[in-house]
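Okay, structure first, notes after.
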Amino acid sequence: MMRKTVSSQLRLYYCHQQIQRSIEIVLAIILCWGAICLPARSAFANDLSRQPVTEVTVNLGSETGELKFFPNNLEFESGKRYKLILKNPSQQKHYFTAKSFADASWTQKVDAGNVEIKGAIHELELRAGSTAQWVLIPVKSGTYNLRCTVAGHAEAGMVGKIAIAP
Ligand SMILES: [Cu+2]
């Protein structure tokens, strides 16, 4: 009789210990998640991506077929959020190629038609008559090259400069 009570008390004790350990593990996971995810979330999803946005529009070529970017000198400020609106009003496709500028920026997203793209962007191809919106935050100051990589276009003058001021 006595034995039974002791063993059931022991069982209860172990069971209690196991529950406590599970709770500790769950708490540890929650704390880790909070420590890792919450600052990242607030830094990116909450703060940066909700900053007021400045719109900058660039035309790739013109309706009359000029091979130029309008404007071809772009200026940004490091740490500010921009919506770069790219329009191709011409009859042919053009590229907005600015790899080092893209590397010097944090891309929030690219909206093109019904598609939203997230992640690293180096080059955007715009078909005749199309529009894309590139939401980004320049982070590294410097002057970067812009060009259209369609054969012959850069040589014809479809180049530009993008400056990121500190
Ligand atoms: Cu072009």
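Just so you know, all these numbers are worked out from the coordinates, no wet-lab data involved. These numbers were taken from a predicted model, which means no experiment stands behind them. Virtual Cβ from ideal backbone geometry, glycine too; neighbours counted across all protein chains shown.
Structural remarks
- Computed from the C-beta positions of Arg50 and Lys161 and an R0 of 25 Å, the FRET efficiency is 0.25 to the nearest 0.05.
- When the trypsin sites (Lys or Arg not before Pro) in region 65-122 are filtered for DSSP coil states and for at most 12 other beta-carbon atoms within 10 Å of their beta-carbon, the remaining sites are Lys118.
- DSSP beta bridges in region 51-166 [antiparallel fraction, %, rounded to 5]: 70 percent
- Two-site FRET efficiency, Asp103 against Arg127, from Cβ-Cβ distance with R₀ of 22 Å, rounded to 0.05: 0.30
- Derived value for region 77-166: Kirkwood hydrodynamic radius 13.4 Å. Basis is the mean of 1/r over every pair of different alpha-carbon atoms.
- Among Arg147, Arg50, the ranking by other beta carbons within 10 Å of each residue's beta carbon, starting with the fewest, stands as Arg50, Arg147.
- The calculated FRET efficiency for the pair Lys83 and Ala151, based on their C-beta separation and a Förster distance of 35 Å, comes to about 0.70.
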